[in-house]
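Q: First the structure, then my questions, so here it is.
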Amino acid sequence: MFYFNLGIRHITDLEGYDHMLFLLALTLPLSFGQWKATLKWITAFTVGHSLSLALAATEVVRPPSEWVELGIAVTIAMTVGYHLINGFKVVQGAMWLSGIFGLIHGLGFGSYYSFIAQSDSFWWAWIPFNIGIEAGQILVVLVLLFVYWAVEKIWRNPKAFKWMLSGVILTLSIQMILDRLSL
Amino acid sequence: MKFLLVIWFWWAGAVAQDPAVHTKVRHEFYVSVTDFNVDIEKGKITGVVKTFPDDWERAMNALLQEKVMRYVQLDSNQRAALHGQYLEQHIQLNLNGEAMAVEYFGTSRGPDEVYLLFTAEYGDKELEELSGNWSIKHTLLADIYPSQENIVIFHYDGRKQTNSCRESNDYRLNFNF
């Protein structure tokens, strides 16, 4: 249970909101009605980050953390860009994008996990940690879908809200890229 | 739409220029991992704290601030004394309400981490007398990072329990064996 909670806390950590910002970017075109696409995109992200988390935590791959951090910021900007180009339509390609970008985010989770994990319980703790990340992710996505739903109910032009939100995410992610480039 | 674009550019401009608005250069995590082991063969508790070297150095520099010194200026004996002072202040161990003094033992360096070794004497108690409520207060680095989380793994008679000392639990933990 401890590692499960740790997984949740890691993804919902406001100190490092980059993973949440990615989920915000990813879910921009989604709504409760598109639950199948939501499930596919989030699962693809999970598959991607679970795989690379394991590879990074076992040190099979060990890219410099500066590059991983930069990569995470780039995935956020690219995801927003992708949705803007597609006019916030739910397109099949987003699932692949989510999976590939999940690989990059998993490298970030991996560096954290490799520090906290003990050699005698590495895999035993890996499963609840991953499930915790997944649970945190579902929580964040549900909150976002609820916000989109509420905006749709009270705003006569909900698409304008998504444009504005895209602008905010894009600005933050570009700022993040510039910050991380200067490391 | 034009109005929204104007709002966005205004906001983007404000963010880009305001140094107070930052994007967290890295997803930092302030964490340490500590093993406590009830070692019957040695007749004492042995412990290891694993932390990041840069965080540790920052904590040491904070301690040295009053003396207007830097950690890098210290020789190995001075460093050991400082490590001991800090560790003994920041880790408190109790068994069934009885305090056990933590004593710094040494330091070891890994490629990306520093290990601080310590012991705590429990006298001539038998294993059965060491069961009960173990209470730990672990505030390592919490003085410099408010979001510091100190993970504790407690080993007792082939069993182990894991939890963490963090701000939300006032950096206190209880383990029952």
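Q: Looking only at region B:98-129, which residues are assigned to a loop (DSSP other than H, G, I, E, B) and loosely packed, with under 12 Cβ neighbours inside 10 Å?
A: Within region B:98-129, B:101, B:110, B:111, B:123, B:124, B:126 qualify.
Q: A further question follows. Does region B:55-73 include one or more residues that are touching a strand residue (DSSP E or B) at 6+ places or on another chain (Cβ under 6 Å) and not hydroxyl-bearing (Ser, Thr, Tyr)?
A: The answer is yes; a qualifying residue exists.
Q: Just need a number here: residues in region A:83-126 that are over 17 Å from residue A:31 (Cα atoms), surrounded by fewer than 19 Cβ atoms within 10 Å (Cβ to Cβ) and more than 14 Å from chain B (Cβ to nearest Cβ).
A: Counting residues in region A:83-126 that are over 17 Å from residue A:31 (Cα atoms), surrounded by fewer than 19 Cβ atoms within 10 Å (Cβ to Cβ) and more than 14 Å from chain B (Cβ to nearest Cβ) gives 5.
Q: Only one of (1) farther than 30 Å from residue A:72 by Cβ; (2) open to solvent by less than 30 Å² (accessible area, probe 1.4 Å); (3) polar (S, T, N, Q) is not met by residue B:85, so which one is it?
A: So residue B:85 meets the others, but not (2).
Q: Here's another thing I want to ask about it. Quick one: in region A:153-169, of everything that is open to solvent by less than 30 Å² (accessible area, probe 1.4 Å) and either facing another protein chain (nearest Cβ under 8 Å) or hydrophobic (A, V, I, L, M, F, W, C) (or both), which residue is nearest to the chain's Cα centre (by Cα)?
A: Step by step, filter region A:153-169, then rank; the result is A:169.
Q: Can you spot a residue in region B:139-155 that is more than 23 Å from residue B:76 (Cβ to Cβ), of a type in the set (D, E, K, R), under 15 Å from the mean Cα position of the chain (by Cα) and assigned to a strand (DSSP E or B)?
A: yes
Q: Residues being open to solvent by 40 Å² or more (accessible area, probe 1.4 Å), at pLDDT 85 or above and either away from chain A (no Cβ under 14 Å) or closer than 21 Å to residue A:15 by Cβ (or both): count how many of those fall in region B:29-45.
A: 5
The values are calculated or read from the model by the stated rules, or taken from the named source; none is laboratory data. These figures come from a predicted structure and were not determined experimentally. We place every Cβ from the backbone using ideal geometry, glycine too, and count neighbours over all the protein chains shown. When the accessible area is computed, the model is the full protein with side chains, heavy atoms only, and any ligands, DNA or RNA have been set aside. Shrake-Rupley method; radii C 1.70, N 1.55, O 1.52, S 1.80 Å.
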